[in-house]
1. Please find, among L26, L57, the residue that is at pLDDT 95 or above, hydrophobic (A, V, I, L, M, F, W, C), crowded, with 17+ Cβ neighbours inside 10 Å and in a helix (DSSP H, G or I).
2. So which residues in the range 8-23 are surrounded by fewer than 16 Cβ atoms within 10 Å (Cβ to Cβ), in a loop (DSSP other than H, G, I, E, B) and over 13 Å from the mean Cα position of the chain (by Cα), if there are any at all?
3. Any chance you could count how many residues in the range 66-82 are free of Cβ contacts under 8 Å to residues at least 12 places away in the same chain and of a type in the set (S, T, N, Q)?
4. Pairs only if they're at least six apart or on different chains, beta carbon under 7 angstrom, first in the range 17-40 and farther than 18 Å from G84 by Cβ, second surrounded by fewer than 12 Cβ atoms within 10 Å (Cβ to Cβ) and aromatic (F, W, Y); list them, first residue then second.
5. I'm trying to understand the selection: among the residues of the range 35-54, which are among the acidic types (D, E), out of contact with any strand residue (DSSP E or B) (no Cβ under 8 Å at 6 or more places or on another chain) and surrounded by 11 or more Cβ atoms within 10 Å (Cβ to Cβ)?
6. Of all the residues that make up the range 43-93, how many are farther than 18 Å from N105 by Cα and touching a His at 6+ places or on another chain (Cβ under 6 Å)?
Amino acid sequence: MMGLPSGVKVHFGTALVDMRNGIDGLRAVVEQTLEEDPYSGHLFVFVGKAKDKVKILFWDRNGFVLYLKRLEQGRFQLPVVREGQRHVEMEATQLAMFLDGIDLNAKRLARWSPSIERPIDADRRS
């Protein structure tokens with residue numbers, strides 16, 4: 001798909017949208033429904049009612065970009081969302097998996113990061 005800078009967020013809209021919406025219609029959804037800034041440079045992902053189309057809207061320095069993917073077979077597997085949740089924040093890898101047709105509802109391993117306070121084992125330093 002595309003490489004994303006580390007500061008870019010991916011906002012997945014939870015409501016199914018009319019895929020006839022173009023840039024202006026989706027920009028309005030971002031502002032009014034998601035209550036986000038469409039000029040932020042973040043990606044806003046929308047799925048059509050038939051769940052076979054995805055549109056991604058983002059601002060690129062001097063204009064909007066609209067990305068469209070239509071599946072020829074099958075349907076996109078939507079992430080599980082809580083009641084009343086307007087959007088889900090995703091990582092770039094999750095977006096790539098979603099666009100590739102992978103179900104994101106599988107259980108993911110917890111993130112791990114090294115702790116500064118963790119003592120280093122003398123045997124492992126050699």
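The values are calculated or read from the model by the stated rules, or taken from the named source; none is laboratory data. As the structure is a prediction and not an experimental result, all values here were calculated from the model. With ideal geometry, Cβ positions are generated from the backbone for all residues, glycine too; neighbour counts draw on all protein chains shown.
1. L26
2. Scanning the range 8-23 gives A15, L16, D18, R20, G22.
3. Let us first name the residues in the range 66-82 that are free of Cβ contacts under 8 Å to residues at least 12 places away in the same chain, namely 72-73, 82.
If we keep only those that are of a type in the set (S, T, N, Q) as well, we get 73.
Residues in the range 66-82 being free of Cβ contacts under 8 Å to residues at least 12 places away in the same chain and of a type in the set (S, T, N, Q): 1 in total.
4. none
5. Going residue by residue through the range 35-54, those that are among the acidic types (D, E) are 35-37, 52.
This time we only want the ones that are out of contact with any strand residue (DSSP E or B) (no Cβ under 8 Å at 6 or more places or on another chain), so: 35, 37.
Across the range 35-54, the qualifying residue is only D37.
6. Residues flagged as farther than 18 Å from N105 by Cα and touching a His at 6+ places or on another chain (Cβ under 6 Å) within the range 43-93 amount to 1.
Let's see how each residue does on (1) under 17 Å from H11 (Cα atoms); (2) assigned to a helix (DSSP H, G or I); (3) among the polar types (S, T, N, Q):
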site	(1), (2), (3)
E31	yes, yes, no
L34	yes, no, no
V65	yes, no, no
G74	no, no, no
Q77	yes, no, yes
L95	yes, yes, no
S113	no, no, yes
